[in-house]
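This report refers to the structure that appears directly beneath it.
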Amino acid sequence: MALEAEVWSDIKPIPLDDGPDPLAPIAYDAEYSEAMGYFRAISQRDERSERALKLTERIVEYNPAHYTIWHYRQQILFSLNKNLNEELDFVKEQIESNPKNYQLWHHRQVLVEKLMDASCELPFINEILNDDAKNYHAWTYRQWIIRTFNLWENELDFVNKLLDKDVRNNSAWNQRYFTLFFNPTKPTEEFLTQEIEYVIEKIKMAPNNISPWNYIKGIIAKSNKDIGILEELCKEIEKQDIISPHAIGCLVDIYESRARKGSATDKEEGIRICTLLAEKHDAIRKKYWEYRKVILTSL
């Protein structure tokens, strides 16, 4: 991948300056070092040309996480009025090879924001999530697309399909909360009641998955419901001899809520369960449950 000498004959590359006594110099590939030398030279003079564009392409093939190169490439694309849809195709190929590269996703976001056209984005993100349904970068980008272009309409259906496929997809639970509460159209109390019923059924499928527990508590906090509505679920799981620290911990939340209203019986029960969690069922978070026990004792 050596650079064409005749194309760069007028440029003197600037070598990397690590100082007089570098502690741990990186052994860069010779061709990459050469390309970076030319990049330092052209960026110093702010050259925005076809050869500069090709140079950035070569460098990101070596190092697709090089943010400075992507930023400079954007400036060239805009200055030369290049076809940004073609650039989206280029970035699509790059992301398919490096799906968890933040710089690539950000570059795509810059392009889409410039075009103000997201018509291809959700299908593209779906492809990436189909390979890895928990790709943080894809989800972050998806949320930006939805909020920027007001594409809320079908998102809940999309999340439903993911959770039907894998109830333990914690990214999908996060997206579900985003879809309900970051949408300008807020959910009604009737909808939230139905949503709680939906989540309870999902929790029964995987009572040791923390995400739906956190999700349902978030739903209750956003509604006019009392957390006590989860007591039946928690005790049903207990009767099935399933040890779920999340279900047991939810009982602590319920009893503390009642203790704050003056119930001495619930206060004592909450303290007992904190001890049980700290010493037996959730010892890895022993200090947390001891802290919750202190709070209950002080009520």
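A few notes on this one:
- Shape category assigned to region 133-216 from the gyration tensor of Cα positions, a/c cut at 1.5: oblate
- In this structure the chain gives 55 Å² per residue of accessible area when probed at 1.4 Å with all protein chains present.
- Selected from 147, 258, 45 as most flexible by GNM, with the chain as the system and alpha-carbon contacts under 10 Å: 45
- Listed pairs 134/217; 225/280; 12/92; 235/280; 165/186 exceeding 28 Å between Cα atoms: 225/280; 12/92
- Computed over neighbours whose Cβ is under 13 Å from that of residue 124, the net charge equals -4, Lys and Arg +1, Asp and Glu -1.
- Label-point gap, in nm, between residue 18 and residue 85 - each point 7 angstrom along Cα→Cβ: 4.6
- Restricting region 163-195 to trypsin sites (Lys or Arg not before Pro) in coil, as DSSP defines it, with at most 12 other Cβ within 10 Å: none
- Applied to region 80-85, the Karplus parametrisation 6.51 cos²θ - 1.76 cosθ + 1.60 on θ = phi - 60° returns per-residue 3J(HN,Hα) values of 8, 6, 6, 6, 6, 5 Hz, with x for Gly and Pro.
- Candidate aspartates and glutamates for bridging to residue 287, where Cα separation is under 16 Å - those fewer than 8 sequence places away on the same chain excluded: 279
- Calculated FRET value between residue 109 and residue 226, using beta carbons and R₀ = 41 Å, to 0.05: 0.50
- Scanning the chain for chymotrypsin sites (Phe, Trp or Tyr not before Pro) in DSSP loops with at most 16 neighbouring Cβ atoms within 10 Å leaves 29-151 as the longest stretch between them.
- In this label model, residue 140 and residue 276 are separated by 4.1 nm, measuring between points 7 Å along each Cα→Cβ vector.
- Expressed as a whole percent, the accessible surface of region 108-210 that belongs to carbon and sulfur atoms is 50, based on a 1.4 Å probe.
- Couplings 3J(HN,Hα) for region 17-33, derived from phi with the Karplus relation 6.51 cos²θ - 1.76 cosθ + 1.60 (θ = phi - 60°), are 10, 8, x, x, 9, x, 6, 9, x, 7, 7, 5, 4, 4, 5, 5, 4 Hz, where x marks Gly and Pro.
- From phi via Karplus (6.51, -1.76, 1.60), per-residue ³J(HN,Hα) for region 138-143 in Hz, x at Gly/Pro: 5, 5, 4, 5, 4, 5
- Loop sites in region 149-242: GluC sites (Glu not before Pro), DSSP, at most 14 other Cβ within 10 Å: 153
The values are calculated or read from the model by the stated rules, or taken from the named source; none is laboratory data. No experiment lies behind these values; they were computed from the predicted model shown. Cβ: placed from backbone, ideal geometry, glycine included. Neighbour counts: every protein chain shown. Note: accessible area is taken over every heavy atom of the protein model, side chains too, but ligands, DNA and RNA are not part of it. Shrake-Rupley method; radii C 1.70, N 1.55, O 1.52, S 1.80 Å.
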